[in-house]
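Some notes on the structure that comes next.
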Amino acid sequence: MNDHGTIQLILAANRGTILTRLLLAVVVFVVLTIWFVGRDPKLFPFMIAFLAMVALYSLYPLVRMLLSGQAIIVTDEGLVDRTGALEFVRWGEIRSARVRPYMGLKLVELDLNDQEAVLARLPPIRRALLRYSIRRGVVGPYLKASFVQGGVDAVMRVLEEHGAGGPSGQAV
């Protein structure tokens, strides 16, 4: 038993997909670094520091999943999301779920009873970014199902087993 309930199931990370994303991120990082050096070498130390901080913040969940092999931990109280989106969501907070494609990933977007309660548990930067995304209508609170072994089907099956898939749990 931990602070999020008793572990019932661990959805494994899809290490191939995660490794592909990490390698792509490294390539983008190198290309941007070379581009910034060519534009103004005096700004190089500042730009490399900025790019490194952004990369570390956004890539940490992927590295953690790659090393631990855990994408989503299912407990009797809810989901512990290691994909980098939501942290912890209680079963009673999920009204329904639906699959949405976004930037090459398949996301399971959650319709939450109390969205603010879930967002309040996130770190400040991630909370601000997710709120901005929600306000723009890009994507609501979500689980990155592409990083889970078994993908969308595995995540939706767990949600449906716990009565959280809801009537709008249709794939798009």
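The values are calculated or read from the model by the stated rules, or taken from the named source; none is laboratory data. Since this is a predicted model, take the numbers as computed values, not measurements. Every residue, glycine as well, gets a Cβ built from its backbone with ideal geometry; the counts of neighbours run over all protein chains shown.
Phe88 satisfies every condition listed in (1) buried (at least 16 other Cβ atoms within 10 Å of the Cβ); (2) assigned by TED's automatic domain parsing to the domain that holds Val30; (3) within 22 Å of His4 (Cα to Cα) except (2). Scanning the stretch 14-51 for residues that are of a type outside the set (Phe, Trp, Tyr), over 28 Å from Val152 (Cβ atoms) and in contact (Cβ under 8 Å) with a residue 12 or more places away in the chain gives Leu32, Thr33, Met47, Ile48, Leu51. Against the test of being at pLDDT below 90 and either farther than 20 Å from Tyr60 by Cβ or not charged (D, E, K, R) (or both), the options Leu105, Leu159 yield a single qualifying residue, Leu105. Taken over the stretch 44-92, the residue count meeting the criterion of being over 21 Å from Tyr142 (Cβ atoms) and at pLDDT below 90 is 12.
Among the residues of the stretch 129-151, those that are crowded, with 19+ Cβ neighbours inside 10 Å and among the hydrophobic types (A, V, I, L, M, F, W, C) comprise Leu130, Leu143, Ala145, Phe147, Val148.
I'm trying to understand the selection: among the residues of the stretch 1-60, which are basic (Lys, Arg) and over 25 Å from Val74 (Cβ atoms)? Listed by number, the residues that qualify are Arg39, Lys42.
The numbered conditions (1) within 18 Å of Gln149 (Cα to Cα); (2) surrounded by fewer than 22 Cβ atoms within 10 Å (Cβ to Cβ) are all true for Leu79 except (2). Ala97 passes every criterion in (1) free of Cβ contacts under 8 Å to residues at least 40 places away in the same chain; (2) under 22 Å from Leu129 (Cα atoms); (3) under 18 Å from the mean Cα position of the chain (by Cα) apart from (1).
Restricting the stretch 29-53 to residues that are surrounded by 12 or more Cβ atoms within 10 Å (Cβ to Cβ) and β-branched (Val, Ile, Thr), the residue that is farthest from Val148 (Cα to Cα) is Val37.
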